Amino acid sequence: MTDSTAAPASWPRPYWQPGDEEALLQFYVFGKFDTDLAIPAARYGSDGLPEGVELQRFQNAVLRRWEGYPLIGALGALLKEDAPEVYEQARLAPEVLVVRGRIADRDSLDYLRDTLGVIAALLDVGGKSVLDPQILSLHDADTWRRRYLVPGGAPPRSHVLIVCREDEAAPGRFHVHTRGLRKFGRPDVSLRNVPESATSQAGLLCERLVEMLALGARFADGQELEVGGVFGSPVVRLSGDYEDPHFNNRTVEMHFPA
């Protein structure tokens, strides 16, 4: 995405296969904004918020009373540890703009382009930091711009978190998985039973699958993937649900050979 007033360039999904899932977008922009909020989104190649996505404005002190307020609880503790200065800046900001909505599955990512353009514009008119709870990230304005204001759009990997943690179902093995693919209306990737020696390869495989899914691909339950290398041909299982705290999404799950 670049600073331009030209007609927005489309973000196509070359692997798109239609489905009935919805993309979920959710962002919090902390700062101080004019009473009459003008959002210069066109300069960032955006047509404004897509249908199904809305912007709500809150006083931070009021939103803080909400049970789901993201700067408290487990998420708040994680954000504070990861970026203490930005966390404090967000905590003290007078206002919060919440950008949230659901979008029916479609053959382009123009909805994401338009939403990110609005967020970029909000950083020009008083926004100081952006929270993306789907990937557990809180960035100050400059860091967010460097990550997402990329010509043609930041790669799918920038919108997704890849996590490596101990696999509770397989002692001594690891669970390598993603968070954030719900932005694309796709399940997250979950690789289980991964030996420590293969965690790097598992991360690279996640990156490959993230790109395919974000650009529209779908995998069927029971499908055998020809990924090669140490993983061979794992079988896909569709599982999980939106209440799973590790994903808040359904999953494309594969197991490393025992």
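All of the numbers you see were taken from the coordinates with simple rules; none came from a lab. Remember, it's a predicted structure, so these values are computed and weren't measured experimentally. Cβ sites come from the backbone with ideal geometry, for glycine too, and all protein chains shown count toward neighbours.
At a Förster radius of 45 Å, what calculated FRET efficiency corresponds to the Cβ-Cβ distance of E51 and V235, to the nearest 0.05?
E between E51 and V235, to the nearest 0.05, is 0.75.
Would any residue of the range 168-187 have its amide N under 19 Å from a label point 7 Å out along Cα→Cβ of A217? List them or say none.
Zone members listed by number: 176-187.
For M212, M254, which order do you get if you count the other beta carbons within 10 Å of each Cβ and list the fewest first?
M212, M254
Output the peptides 84-94, 184-194 sorted from most to least packed, where packing is the average of other Cβ atoms within 10 Å over each peptide's residues.
Descending packing order for the listed peptides: 184-194, 84-94.
At a Förster radius of 22 Å, what calculated FRET efficiency corresponds to the Cβ-Cβ distance of A169 and Y15, to the nearest 0.05?
With R0 = 22 Å, the Cβ-Cβ based efficiency is 0.10.
Among R157, R179, which comes first, then next, by fewest other beta-carbon atoms within 10 Å?
Neighbour counts put them in this order, fewest first: R157, R179.
Which residues' amide hydrogens lie under 5 Å from the amide hydrogen of H255, considering only partners 5 or more residues apart or on another chain, with H built in the peptide plane?
Hits under the 5 Å cutoff: R192, V235.
Considering the values (1) 23.7, 95; (2) 17.7, 59; (3) 18.9, 60, which represents Rg and Dmax of the Cα atoms in Å as calculated for the structure under consideration?
(3)
Given the rule -39500 (n - 2.57) for each run of at least 4 DSSP H residues, summed and divided by the residues of the chain, what is its mean residue ellipticity at 222 nm, to the nearest 500 deg cm²/dmol?
-7000 deg cm²/dmol
Could you calculate, for the range 22-154, the ratio of the Cα radius of gyration to the Kirkwood radius, expressed as Rg to Rh?
0.95
Given points 7 Å out from each Cα along the Cα-Cβ axis, report the D124 to E88 separation in nanometres with one decimal.
Label-label distance for D124 and E88, simple model: 3.1 nm.
Relative to the Cα centre, what is the charge dipole magnitude of the chain, using +1 at the beta carbon of each Lys and Arg, -1 at the beta carbon of each Asp and Glu, and rounding to the nearest 20 debye?
The calculated dipole for the chain is roughly 300 debye.
In what order do F58, F247, F231 fall by count of nearby beta-carbon atoms within 10 Å, going from fewest to most?
Neighbour counts put them in this order, fewest first: F58, F231, F247.
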